[in-house]
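Report on one structure; see the data block that follows.
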Protein chains: 2
Amino acid sequence: MSLPDALDTLTSLLGNRLVTSGSDLANHARSESHFPDAAPEAVAYPETTEEVSRIMAACHAHGVPVTGWGAGSSLEAQSQPIHGGLVVDFSRMNRLLEVRPEDMDATLQPGLTREELNTELRATGLFFPVDPGANASLGGMAMTRASGTTTVRYGSMRDNVLALEVVLADGRVIRTGTRARKSSAGYDLTALMLGSEGTLGLVTEMTVRLHPQPEAISAGITSFESLTGAVETVMETIQSGIPMARIEFADAAVARAFNGYANAGMEEKPHLMVEFHGAPEQVRADAERFAEIVQDNGGSPFRWSDRPEERRALWDMRHKGYYAILASRPGSRALITDICVPISRLAEAVEETQEDLATASIPGPILGHVGDGNFHAILLVDPDRPEDLAEAQALSGRMVERALRLGGTSTGEHGVGLGKLAYMQAEHGEAWDVMGTLKAALDPTGILNPGKLVP
Amino acid sequence: MSLPDALDTLTSLLGNRLVTSGSDLANHARSESHFPDAAPEAVAYPETTEEVSRIMAACHAHGVPVTGWGAGSSLEAQSQPIHGGLVVDFSRMNRLLEVRPEDMDATLQPGLTREELNTELRATGLFFPVDPGANASLGGMAMTRASGTTTVRYGSMRDNVLALEVVLADGRVIRTGTRARKSSAGYDLTALMLGSEGTLGLVTEMTVRLHPQPEAISAGITSFESLTGAVETVMETIQSGIPMARIEFADAAVARAFNGYANAGMEEKPHLMVEFHGAPEQVRADAERFAEIVQDNGGSPFRWSDRPEERRALWDMRHKGYYAILASRPGSRALITDICVPISRLAEAVEETQEDLATASIPGPILGHVGDGNFHAILLVDPDRPEDLAEAQALSGRMVERALRLGGTSTGEHGVGLGKLAYMQAEHGEAWDVMGTLKAALDPTGILNPGKLVP
């Protein structure tokens, strides 16, 4: 039972939208970070739910592994077909189907990217807030339960997906959730699918929540002598009920990387970058109250602005952080850690990590979504030095142990994929077996993204 | 295989905390609304997770039905043991285990009620916002995915539960989620358990999110000639980004009931009651901007206040709505409908329902959480007239059809239980079968709350 047995069915269904050779296979073999390539045997480009359903029925009948593919921007190799078989590429299912401004929601196909969605929304006065940095597909973001810089204010994909259409392993098509803002009608299958990384089904349609574009935005940056002052500032701000739209942390090593990459002129100290959304008088008041908290905690004078060009410059820099860090060690690839802890343990988690990094032979600048307790050490490895990768993996493993000891999680937003699979037993215990039970119930022959997420 | 076979084990485990006769059985037979009594064969009062685990292991071995019981305030008979067997009453597992103000979370046992929690939190400056009206147990609220008047601002149980400890059908104990604010580490078992109505496991511990007590609150009331003006007001307010903490609708029949019950002196028109939380200058600004939107939509001058006593009087009235309505037809019981629709369809849904009610022989005043698109017709039936109940059920069925046609759900917050079971196939289609598959995978012998929620 393998792909050749299903080829006739798939070819008659898709014609030249089923590709079995050439650069398409190589393009779907790669990952965004350090994982080795793994090519599929074929790539399908469906255009309708009906086609996806028939693809799954054929692969189910013939035991062919199926891995979904959005923009290929996942950081833990979720979309790499490590058991070969078929990749289902959603790039031809990328339409915005309907926007309903009066309900502040939109229905769309999974191949649409978040930047494409926000471009189309520009005239409506609404926007989709989840921002993982990369221009990911919305289907991929759903499947990793993605979040990012604005999650502290607007939530993650968990909070911003209302309903899904999903094709199951055997080709059945189900709809989960409704456009109502809440429901108590049975098991929350939408939430079960979000973050399932294509192991329970393929998403073919989604309804997402939209938010009003803020009337005004203020943003600014400040530095601290130590991390503790920065984290105390964030905790006090949250407890004061000041609604931060973004609150990002960068350590001294990141400041150094920004300086090298873009001549940023930053002091080599821990920094906070923050943004407020609201009415004009409100975002000014928020920035001023935040400035007082910064001062109480020994930060540098909080420089803020509500002018769009200054704000854009700040976040452009933040969004280029990954590339600035990569450029600080030319030719390197990254192993990106992603732990998330209760915010009261964040200073401890970052400090212990910095101490561990201080004795390491590879660099690991730290960036974080500090309002969520989530941070990343970007561990830079020379692809020609296997000992670098081994050291990065050992550092990453110790970070996960630290996160679990402090009541947190191995992955705040990047997902499990291949990189975090080894930690699932430690994080979930018996609950990981329950995940395996659910997977077996919905995909008894194990064709959906095999080798990922479950035992 | 039934309870008598498990009795020895249960008695040696629990001693006199296992009750097999007397008023305890009758007390656990009743429901809050119109459903007939259904008594268990025994009631267990565990004090620890370990005891709950052993109870489940014994019941699993002997095929004994097990139904969880919190405060008994569910409205759809979720906690009624319709197949007899054992009720597990969590009233002795009602401790607040830990409050962590710095992380704004708390860990507690499921028998604690929401009012008890908020009383204990008073000195911390924090509160737990989910407010279904009744003084429900937090475990029960988790299991029905409860929400209520503050959901428009603070979310439902789905948004406010971070982690659970759950005893599975076979007695295994799992932990789902962490105290981190977000995670992408595998299937969201916390969300799967929330709203599962005790059919997948029994919750023995929960970690919930807390929120800062608002520095200031403003609240007020206004009336409209027609429902449309009220709903337009709500939509425009949401779209303006004015953060309402509560926004409640009451129709003319409810105003009449308030007048009869408490001499409220309300005009017999549709009303909106609204509340804003924030800094003092902010809640005044919110109320003033809201007042302008009310005026634009033809509402009566918006009377608002930031004085606690006036605000309390307003919400006391709202919270007594159910009793005021029951009192308007002495001796009656209620069938409470609970549909939720996209907010743009709310006026249509309420108006069609009012037209339907106008030709009915039983009254059905309408109250709603208008910011969520959720409303309840309180259908008053004379318990001695079976034709009343039949008429109420027919009205309720037409309301559900209407909700589904408009893109909504049969139950916004009360859950499925017995009252909405008949509509699950229509609402979910094939996804309901998937719920059955998941149930069978986690509870293969079907002992957890049998007869509820799944096919």
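Only the coordinates and a few stated rules stand behind these numbers; no lab work does. Here the structure is a predicted model, which means the values were calculated and not measured. Reconstructed Cβ throughout: ideal geometry from the backbone, glycine too, with neighbour counts over all protein chains shown.
Calculated from the alpha-carbon coordinates, region B:10-77 shows an Rg and a Dmax of 12.7, 37 Å respectively. Put in line by how crowded their Cβ is, counting other Cβ atoms within 10 Å and starting with the fewest, A:THR11, A:THR49, A:THR233 read A:THR11, A:THR49, A:THR233.
Label-point distances for B:PRO455 to the equivalent site in the other copies, using a point 7 angstrom along Cα→C-beta, read 2.8 nm when ranked shortest first. Rounded to the nearest 10 degrees, the angle from helix B:280-296 to the longest Cα principal axis of chain B is 60 degrees. For region B:329-341, the Karplus equation 6.51 cos²θ - 1.76 cosθ + 1.60, evaluated at θ = phi - 60°, returns couplings of 9, x, x, 7, 10, 10, 9, 9, 8, 7, 6, 9, 10 Hz by residue, with Gly and Pro reported as x. All C-alpha to C-alpha distances of region B:49-155, sorted into 10 Å bins beginning at zero, yield P(r) values of 14, 40, 31, 13, 2 percent in whole numbers.
Using the alpha-carbon positions of the protein assembly as shown, Rg (one decimal) and Dmax (whole number) come out as 27.5, 83 Å.
Counting neighbouring beta carbons within 10 Å and listing from fewest to most, the residues B:PHE35, A:PHE90, A:PHE128 come out as B:PHE35, A:PHE128, A:PHE90.
Would you kindly state how much longer the chain becomes between B:GLU292 and B:GLU268 on full extension, computed as 0.36 nm times their sequence separation minus their alpha carbon distance, in nm to one decimal?
Full-extension gain reported as 6.4 nm.
Between A:ARG92 and B:GLN393, the modelled label-to-label distance comes to 5.1 nm, taking each label 7 Å out from Cα in the direction of the beta carbon. Expressed as a fraction of 2.2 N^0.38 Å, the C-alpha radius of gyration for region A:312-392 is 1.15.
Relative to the other identical copies, B:GLU215 shows label-point distances of 1.9 nm, where the label point lies 7 Å from Cα along the Cβ direction and values run shortest first. Enclosing the Cα atoms of chain B in their convex hull gives a volume equal to 145 cubic angstrom per residue. Computed from the C-beta positions of B:ALA26 and A:THR119 and an R0 of 60 Å, the FRET efficiency is 0.40 to the nearest 0.05. Counting every other Cβ atom within 10 Å of each residue's Cβ, B:LEU453, A:LEU10 order from fewest to most as A:LEU10, B:LEU453. Applying the Karplus relation 6.51 cos²θ - 1.76 cosθ + 1.60 with θ = phi - 60° to region B:159-175 yields 3J(HN,Hα) values of 8, 10, 10, 8, 7, 9, 10, 10, 9, 7, 4, 8, x, 5, 10, 10, 10 Hz, where x marks Gly and Pro. In terms of distances greater than 22 angstrom between alpha carbons, the cross-link table entries A:LYS182/B:LYS452; A:LYS269/B:LYS182; A:LYS182/B:LYS269 yield A:LYS269/B:LYS182; A:LYS182/B:LYS269. Residues whose amide H lies under 5 Å from that of B:ALA245, counting only those 5 or more places away or on a different chain, are B:GLU275, B:PHE276, B:HIS277; hydrogens are built 1.01 Å from N in the peptide plane. Once the Cα atoms are used to define both axes, helix B:430-442 deviates from the longest principal axis of chain B by about 40 degrees. For region A:112-118, the Karplus equation 6.51 cos²θ - 1.76 cosθ + 1.60, evaluated at θ = phi - 60°, returns couplings of 5, 8, 5, 6, 4, 4, 5 Hz by residue, with Gly and Pro reported as x. Compared with the dominant principal axis of the Cα atoms in chain A, helix A:386-405 is inclined by about 70°. Computed on region A:216-323, the Cα convex hull volume stands at 86 Å³ per residue. Proximity of backbone amide H atoms, modeled 1.01 Å from N, is registered between B:ARG303 and B:ILE221 at under 5 Å, excluding neighbours fewer than 5 places apart on the same chain. If R0 is taken as 45 Å, the Cβ-Cβ distance between A:ARG17 and B:SER240 corresponds to a FRET efficiency of 0.50.
Close amide H pairs (under 5 Å, H built 1.01 Å from N) link B:THR204 with B:GLU165, B:VAL166, B:VAL167, residues at least 5 positions away or on another chain.
A label point on B:GLU50, set 7 Å along the Cα-to-Cβ line, lies at 6.1 nm from each of its counterparts in the other copies, closest listed first.
Working from Cα pairs under 8 Å separated by at least six residues, relative contact order for region B:216-317 is 45 percent.
Checking the a/c ratio against 1.5 first, then a/b against b/c, what shape does the Cα gyration tensor give for region A:44-105? Oblate.
Spatially, region B:135-158 and region B:23-90 are offset by 21 Å when compared through their Cα centroids. In this rough spin-label picture, where each label sits 7 Å from Cα along the Cβ direction, the A:GLU348-B:ASN135 distance is 3.6 nm.
Which FRET efficiency value, to the nearest 0.05, do you get for B:ALA358 and B:GLU50 by plugging their Cβ-Cβ distance into 1/(1 + (r/R0)^6) with R0 = 60 Å?
0.60
Rounded to the nearest Å, what's the spacing between the alpha carbon centres of region B:170-188 and region A:347-419? Just the number, please. Centre-to-centre distance over Cα atoms comes out at 21 Å. The value of relative contact order for chain A, using C-alpha pairs under 8 Å at least six residues apart, is 16 percent.
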